[in-house]
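As structure tokens, the structure follows; a few thoughts come after it.
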Amino acid sequence: YGDLLFRNTGTGDLFQWNLQGAGITGWGAVGNAGTGWSLAAKGDMSGDNKADLVWQNTNGLVFGWQMDGAAI
């Protein structure tokens, strides 16, 4: 199943939809990455079979979020 992550580029707020087929099975606010950060990568970076997010700041700094559903 694929999930969707939406980002408000004006505020940096993140919101997630959990999908199963064409249906939404859950949703929620994730957090705020700030406006100077861009999503650089997604995938299971920690080996726990859960998708994680890697952010990169405009100054070059890289930071990872270990995710558990919509919780950081």
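The values are calculated or read from the model by the stated rules, or taken from the named source; none is laboratory data. All values derive from a computational prediction rather than experimental measurement. Note that we place each Cβ from the backbone using ideal geometry, even for glycine, and neighbour counts take in every protein chain shown. We work out accessible area using only protein heavy atoms, side chains counted, and drop any ligands, DNA or RNA first. Shrake-Rupley method; radii C 1.70, N 1.55, O 1.52, S 1.80 Å.
Scaling against 2.2 N^0.38 Å puts the C-alpha radius of gyration of region 14-65 at 1.31. The charge dipole of the chain, taken about the Cα centre with unit charges on the Cβ atoms of Lys, Arg (+1) and Asp, Glu (-1), comes to about 160 debye, rounded to the nearest 20.
At 1.4 Å probe size, with every protein chain present, just tell me what the per residue accessible area of the chain comes to in Å².
Values: 4730 Å² over 72 residues.
The answer is 66 Å² per residue.
Looking only at G43, G21, G12, which one moves most when the chain is put into a Gaussian network model with springs between Cα atoms under 10 Å? Of G43, G21, G12, the most mobile in the Gaussian network model is G21. In the elastic network of the chain, a GNM with C-alpha springs shorter than 10 Å, the most mobile of N32, N59, N18 is N59.
Run the accessible area of the chain with a 1.4 Å probe and give the carbon-and-sulfur part as a rounded percent. Working shown, then result.
Working: 2540 of 4730 Å².
Answer for the chain: carbon and sulfur cover 54 percent of the accessible area.
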